[in-house]
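Trainee: Let me begin by handing over the structure; questions about it come next.
The values are calculated or read from the model by the stated rules, or taken from the named source; none is laboratory data. Bear in mind the structure is a predicted one, so any value in this text is a computation, not a measurement. All Cβ positions, glycine included, derive from the backbone under ideal geometry; neighbour counts span all protein chains shown. Heads up: the accessible areas ignore ligands, DNA and RNA and are worked out on the full protein's heavy atoms, side chains in. Shrake-Rupley method; radii C 1.70, N 1.55, O 1.52, S 1.80 Å.
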Amino acid sequence: MKLIFDKSVSSRRGPRPVPQEMEMCAVFPAGLLRDKPADLPELSELDVVRHFTELSRKNFGVDNGFYPLGSCTMKYNAKVTERVSAYPGFFYLHPLLPQLPSGQTLVEGALEVLYEMDMLLREICGMAGFTLQPLAGAHGELTGTMIMAAYHRDRGNDRKTTILIPDSAHGTNPASAAIAGFDVKTVPSNADGVMGLDALAAAMNDTIAGVMLTCPNTLGLFNPHVREICRMVHDVDGLMYCDGANLNAMLGVCRPGDIGFDIVHVNLHKTFGTPHGGGGPGSGPVGVVEKLTDFLPISVVRKAADGSFFLDYNLPKSIGYIAPFYGSFGVILKAYAYIRMLGRDGLKRVSQNAVLNANYIREKLKDHYDLPYPQTCMHECVFSASRQLACGVSAMDVAKALIDRGFHPPTVYFPLIVHEALMIEPTETESRETLDAFIDAMIDIARLAEQDPAAITNCPKTTPVGRLDEVQAARKPDLASLGDAKTQ
Amino acid sequence: MPFIANTDEQRREMLTEIGMTEEDLFASIPSEDRCGELDIPDGLSEQEVRHHMASLAGRNRTDLMSFLGGGFYDHFLPAAADGIVHRSEFYTAYTPYQPELSQGTLQAMYEYQSAMCRLTGMEVSNASMYDGGTAIYEAIMMSLRVTRRNRVVMDETVNPIYRKMIRSYTRNLGIALVEVSHENGQASRSKIADALDDATAALVVQTPNFFGVIDDYTDIAAMAHEKGALLIASVYPISLALLKTPGEMGADIVVGEGQSLGMGMHFGGPYLGFMTTRMKYMRKMPGRIAGRTVDADGRDGFVMTLQAREQHIRREKAMSNICTNQNLCALTALTYLSLLGREGLRDVAQACADRAYYAQDRLLQIRGIRLRYPGHWYFNEFVLELPVRADEVIRRLLQKGVAAGFPLSAYYPDMEMSLLVAVTEKRTKAEIDFFSHVLEVSL
């Protein structure tokens, strides 16, 4: 389909937002002006709406169908949360208002949301304080590792150079630790798929600033040694970081703070039902235990004795500013509304159903696909397509065959420790009927992989394009249509 | 239970079929690791939650006649943009890992990249970053990779909020960060010349700068290049519909806050960081990028590309820890730019400047008020020097329902009488006249 730029018709106009009420007062000298107008499309409003409507039809979201993308928690995004986040009293609120003299009284409702959200997340995670500022999960990881650095610096401990991360971790963990200034050392998982005490002990010494663990981990497994791991790390004055990407599995059942974690980030766009937006905006609040609250980013929302709310900028030990303001407020609003609708019992039902759905899939597919870690899983299960690969059908082929059967594929080739990984996270919002249809499709694909592999390896056939040439895309990058824009 | 499909009956059946009990589901969590009942209120109905949120929203003052900017602007948002972005095929999708199912997102990313290149006068763009401040930080890190140097010079007229962010982020990385003070509200050529040396990786500047001054950095780009440093320019994208582009000035990396391209102010986010650069630095650029390619039948299609730079492949050696982009915000910007188009965006930019100059004329007629930094061209924001403390004036005007601007003493302690005033196309002549009147009588 044509690019929007290629649909442009000279002098055609879209909506006209500016009232023609004022004469031209600003006449800039030619030297300050651009040579040529920016070569943006010239289209009617309908042209633009049709273009993007057509694009949207080439997309697949949770509203289109089952989206069991492991570790991403693609649950239903409640429509009401979209509505409340867009209320004019939130949408048009200028972020600098509270910095005006007595400006905090101009944004009382917004500050209350931030404060209450902080309290809810503390209770859910068992932490002493949260910052809502991190703008995504990876940004939360960076914030958390910066807090680790600040903690050790504050104690005058300059030997804390290294962070340990298991080999099953998401790539953002080592990347975040590295740009917070740490060296990263990888700890191999044991035969049960979790970080074992022996491997940790072998890597442990007093240069260890902390350990980042995803809990439950990316295999969907809860590490039974986690309390002991926390103790070992605390013994060398290290800090325990919980990547809360998989918090959906534990809501109302167990809390990172109770087990011994010192820092946790949560992904509002995973656990708390805010939309993924095709890849952002997310939101990755970070919670800490009492001894780390002084290091939280500036500013922190507090409640005064008279019940009013204010922003505290006087935080001398803080890691400083990590975001321009108070976080991804529009996203926080949605997550706040979602938590308030679920309430105490609803939160627990989320994890119960997420874990049931994952185990239902695990049990129903375990005879058809290899299951390298066969124990009871939590919110997701990870199969291997190695049996199918012997017939010439890879995990990627299975994924493409699912597309033709109306499903979004699971995460493939991650975690890295599983050969030909198929990582399936159904979430609690899916019904048994949907799971059964998916299971039937997976079984059918496994059957065809043995009987007629070509029927799988030439998928997808139902999509606007077939498999795309990614090698050429990287070798000869075509990253923009520059039009008549001046190029150097 | 809201948003959960399975009935209790179905749950029982499913458990029976797989030979498990409710207790088995969580058996891997040792009992000492379990928590008790959470202290969280009972769930609200949809009606209750809407009422609750509406009452919270009602306690925020969005009714003020606002002249507040500071890098975050109240522009008019066409209804069609909202309609497009709220198509759930876009907003309920995730990262386009499966390109065959994501051509909508991927083509929009490519078109967004194209639009940002055309607007900034550059050759390559990523698919967006968190916000304008983190985009500067990522540009700085990119300049370190390009030059293999470790020192950064930043002009003091760069948004002070972003400068605070840069200080936090560079603290653990052993980067020498030098901030250069301004001269009459503009980047000081002589001080910058003194600050640049052969170890400098990048010089960071902003136009229009935090005081609203339009600055042509062509000479400064040459100064940076002479020392082998890159010029990082942070820009206000609306202004580029009219003004000389950073590409024309010779900038190497262009970044900025894209909120003005169709996003609400939303009390600070979600916003949009953008980044464009020269083709020669393409492989050093952080962030997600979409590229155009073909399928086996020769049909055009789009994929995420140059992924060898990214964390899921490179882990601790990645160029950035960023996992996603601000995809829906980038889509918003693209729809905004497409709806307004070549002429419409220029109309908006011209209207902002016209109204700001009209406001300047009116306000400078008030006795005792002068322009703090005379002799410059301004886009839509300027600094007034008042005869009294800016704090006091803001307080008095709030009583009249007017947010007069931002008190610069919040970030520049010696500027207690200085008020930063912003005007967008949403402010009418009558509102500017009213503002001028209430300001005059408040003194």
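Trainee: Suppose we filter B:L339, B:L328 for residues that are surrounded by 24 or more Cβ atoms within 10 Å (Cβ to Cβ), facing chain A (nearest Cβ under 7 Å) and within 20 Å of B:I289 (Cβ to Cβ); which single one remains?
Mentor: B:L328
Trainee: I would also like to ask the following. Can you tell me which residues in the range B:284-307 are out of contact with any strand residue (DSSP E or B) (no Cβ under 9 Å at 6 or more places or on another chain) and more than 7 Å from every other protein chain (Cβ to nearest Cβ)?
Mentor: Listed by number, the residues that qualify are B:G298, B:Q307.
Trainee: Condition first: of a type in the set (S, T, N, Q) and either assigned to a helix (DSSP H, G or I) or surrounded by fewer than 17 Cβ atoms within 10 Å (Cβ to Cβ) (or both). Now tell me which residues in the range A:465-485 satisfy that. Even if it seems obvious, please write down each step before you answer.
Mentor: The first filter runs over the range A:465-485 and keeps only residues of a type in the set (S, T, N, Q), leaving A:472, A:481.
Residue satisfying the conditions is A:Q472 alone.
Trainee: Give the residues of the range B:386-400 that are open to solvent by 20 Å² or more (accessible area, probe 1.4 Å) and in contact with a Phe, Trp or Tyr (Cβ under 9 Å, 6 or more places away or on another chain), sorted by residue number.
Mentor: Across the range B:386-400, the qualifying residue is only B:K400.
Trainee: Which condition number does B:L203 fail, the rest of (1) open to solvent by 10 Å² or more (accessible area, probe 1.4 Å); (2) free of Cβ contacts under 8 Å to residues at least 60 places away in the same chain; (3) over 21 Å from B:A422 (Cβ atoms); (4) not β-branched (V, I, T) being met?
Mentor: The failed condition is (1).
Trainee: So which pairs qualify, if the first residue must be in the range A:294-310 and closer than 13 Å to A:G109 by Cα, the second must be outside any strand (DSSP E or B) and open to solvent by less than 20 Å² (accessible area, probe 1.4 Å), the Cβ gap must be under 6 Å, and the two must be at least 6 apart or on different chains?
Mentor: Close Cβ pairs (under 6 Å, with a partner that is outside any strand (DSSP E or B) and open to solvent by less than 20 Å² (accessible area, probe 1.4 Å)) amount to A:V301/A:L111; A:V301/A:L114; A:F309/A:L111.
Trainee: On to the next question. Quick one: in the range A:1-22, which of the residues that are open to solvent by less than 50 Å² (accessible area, probe 1.4 Å) and either of a type in the set (S, T, Y) or more than 27 Å from A:T53 (Cα to Cα) (or both) is nearest to the other protein chains (Cβ to nearest Cβ)?
Mentor: A:M22
Trainee: Another one. Looking only at residues in the range A:70-98 that are part of a helix (DSSP H, G or I) and over 23 Å from A:N267 (Cα atoms), which one is nearest to the other protein chains (Cβ to nearest Cβ)?
Mentor: Restricting to residues being part of a helix (DSSP H, G or I) and over 23 Å from A:N267 (Cα atoms), the top hit is A:G89.
Trainee: Okay, moving on. Considering only residues that are in contact with a Phe, Trp or Tyr (Cβ under 9 Å, 6 or more places away or on another chain) and either closer than 17 Å to A:L365 by Cβ or assigned to a loop (DSSP other than H, G, I, E, B) (or both), which ones fall in the range A:400-418?
Mentor: Within the range A:400-418, A:L402, A:R405, A:G406, A:F407, A:H408, A:P409, A:P410, A:T411, A:V412, A:V418 qualify.
Trainee: Then there's this: In the list A:K348, A:K334, which residue meets the criterion of being assigned to a helix (DSSP H, G or I), touching a Phe, Trp or Tyr at 6+ places or on another chain (Cβ under 9 Å) and either surrounded by fewer than 22 Cβ atoms within 10 Å (Cβ to Cβ) or more than 7 Å from chain B (Cβ to nearest Cβ) (or both)? Lay out the reasoning, then the answer.
Mentor: On the way: A:K348 fails: touching a Phe, Trp or Tyr at 6+ places or on another chain (Cβ under 9 Å).
Result: A:K334 is the single residue among A:K348, A:K334 that is assigned to a helix (DSSP H, G or I), touching a Phe, Trp or Tyr at 6+ places or on another chain (Cβ under 9 Å) and either surrounded by fewer than 22 Cβ atoms within 10 Å (Cβ to Cβ) or more than 7 Å from chain B (Cβ to nearest Cβ) (or both).
Trainee: Condition (residue is at pLDDT below 95, outside any helix (DSSP H, G or I), under 36 Å from the mean Cα position of the chain (by Cα) and surrounded by 14 or more Cβ atoms within 10 Å (Cβ to Cβ)) applied to the range A:23-30: is it met by at least one residue?
Mentor: no
Trainee: Looking only at the range B:16-50, count how many residues are more than 7 Å from chain A (Cβ to nearest Cβ), open to solvent by less than 70 Å² (accessible area, probe 1.4 Å) and assigned to a helix (DSSP H, G or I).
Mentor: Residues that pass the stated criteria total 0.
Trainee: Follow-up. So which of A:M250, A:M212, A:M240 ends up being within 9 Å of chain B (Cβ to nearest Cβ), touching a Cys at 6+ places or on another chain (Cβ under 9 Å) and buried (at least 24 other Cβ atoms within 10 Å of the Cβ)?
Mentor: A:M250
Trainee: Within the range B:56-73, work out how many residues are within 14 Å of A:G89 (Cβ to Cβ) and in a loop (DSSP other than H, G, I, E, B).
Mentor: 6
Listed here are the residues, each with its yes/no results for (1) crowded, with 24+ Cβ neighbours inside 10 Å; (2) in contact with a Ser or Thr (Cβ under 6 Å, 6 or more places away or on another chain); (3) within 13 Å of chain A (Cβ to nearest Cβ).
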position	(1), (2), (3)
B:F210	yes, yes, yes
B:A221	no, no, yes
B:S260	yes, no, yes
B:F267	yes, no, yes
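Trainee: Further question: Going by what's in this entry, would A:R447 be described as within 12 Å of chain B (Cβ to nearest Cβ) and either open to solvent by 40 Å² or more (accessible area, probe 1.4 Å) or farther than 24 Å from A:G392 by Cα (or both)?
Mentor: no
Trainee: Consider A:E54 carefully, then state whether it is acidic (D, E) and open to solvent by 30 Å² or more (accessible area, probe 1.4 Å).
Mentor: yes
Trainee: Which condition breaks for A:A38 when tested against (1) surrounded by fewer than 23 Cβ atoms within 10 Å (Cβ to Cβ); (2) hydrophobic (A, V, I, L, M, F, W, C); (3) in contact (Cβ under 8 Å) with a residue 40 or more places away in the chain?
Mentor: So A:A38 meets the others, but not (1).
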